[in-house]
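Presented below is the structure to which this report refers.
The values are calculated or read from the model by the stated rules, or taken from the named source; none is laboratory data. No experiment lies behind these values; they were computed from the predicted model shown. Glycine also receives a Cβ, built like all others from the backbone with ideal geometry; neighbour counts cover every protein chain displayed.
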């Protein structure tokens, strides 16, 4: 657990090294209830990135580039995440990937 924040920080560092003038790191609101997070041990992992602000949908529209990352559940991306990304990023133009 906690790999998503490590990947995000590595990507942020790489963007800065490549000369990006501004790099922001955001997270989305947690959907899992606190008692389930605590019971699964995930609350400890989430504490590692409690300092990362929650993204606002308007920030996506203002960005020059966006790199999305999501943890997987049994090898699949989270369906709610994929739905929200489509809704909030209607005018985004993907480069490569799916």
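Annotations for the structure displayed:
- Flag if residue 55 is free of Cβ contacts under 8 Å to residues at least 40 places away in the same chain and surrounded by 13 or more Cβ atoms within 10 Å (Cβ to Cβ): yes
- Among the residues of segment 39-98, just one is under 22 Å from residue 16 (Cα atoms), touching a strand residue (DSSP E or B) at 6+ places or on another chain (Cβ under 8 Å) and modelled with pLDDT under 80, namely 70.
- Total residues in segment 26-47, condition part of a loop (DSSP other than H, G, I, E, B) and surrounded by 14 or more Cβ atoms within 10 Å (Cβ to Cβ): 2
- Being modelled with pLDDT of 85 or more, part of a loop (DSSP other than H, G, I, E, B), surrounded by 13 or more Cβ atoms within 10 Å (Cβ to Cβ) and more than 12 Å from the chain's Cα centre (by Cα) is a description that applies to residue 23.
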